[in-house]
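What follows is calculated from the coordinates using simple rules that are stated; it is not laboratory data. Keep in mind it's a predicted model, so treat the numbers as computed, not measured. Heads up, the Cβs are rebuilt from the backbone with ideal geometry, glycines too, and the neighbour counts pull from every protein chain shown.
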Amino acid sequence: MSHDFYPDATIQRILKGVRTIAMVGASNNNARPSYFVLKYLISRGYRLFPINPGLAGKDILGAPVYAKLADVPEPLDMVEIFRNSAAASGIVDEALQLDPLPKVIWMQLGVRNDEAAARAEEKGIEVIMNRCPKIEYGRLSGEIGWTGVNSRILSARKPQMLRGFQKFTIDRR
């Protein structure tokens, strides 16, 4: 598979289909991107399992932190890699040892490892690289479109403005 472009339908199918996500490289520092991506995905109904050996045994946003993927006590739909491209190889290998295998391996913005992706795809795992699920969810739901970001989704419908924080979902159509 080419990892230079992903159709919106593919990203949307993945985001609708996964429920349990392990975030490798999660941080408890609220200024780090992994923290606010974790917080965002939890707020959208996903069950997150932070993976960080240095924080194992602690909690991030109420979710217990695990040292490695194999420590997560339930099957994972997706492994999100919030580490650098070189580290992605070992993380993919660790994910390939899980039983059952995750459905998706998602590498964050700036993270790409084609060799690791090929190994995962050989085992039937779908791979997304150099994308952020928070950004993609917001873009596809129209949530970030109304703040002035071009979401590539055209609609004549005006967003309904409600009191308090607004949260769109990818299931609203």
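D for the stretch 1-124, whole µm²/s, Stokes-Einstein with Kirkwood Rh over alpha-carbon pairs at 37 °C and 0.692 mPa s: what number?
It diffuses with D of about 224 µm²/s by this estimate.
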Cβ-Cβ cut-off under 9 Å around I21, Lys and Arg +1, Asp and Glu -1: the net charge is 0
For the stretch 1-50, the Debye formula with one identical point scatterer on each Cα and no solvent gives log10 I(q)/I(0) at q = 0.31 Å⁻¹ as -1.08
Counting DSSP beta bridges in the stretch 8-147, what percent are antiparallel, to the nearest 5? 10 percent
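Among F36, F49, F5, what is the fewest-to-most ranking by other Cβ atoms within 10 Å? Before the final figure, lay out each step's value.
Details: F36 13, F49 24, F5 6.
Going from sparsest to densest Cβ surroundings: F5, F36, F49.
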Please give the length that would be gained between A63 and R112 if that part of the chain were fully extended, namely 0.36 nm times their separation in residues minus their C-alpha to C-alpha distance (nm, one decimal). 14.9 nm
For E136, E122, E80, which order do you get if you count the other beta carbons within 10 Å of each Cβ and list the fewest first? E122, E136, E80
Ranking of M23, M78 by count of other Cβ atoms within 10 Å, fewest first: M78, M23
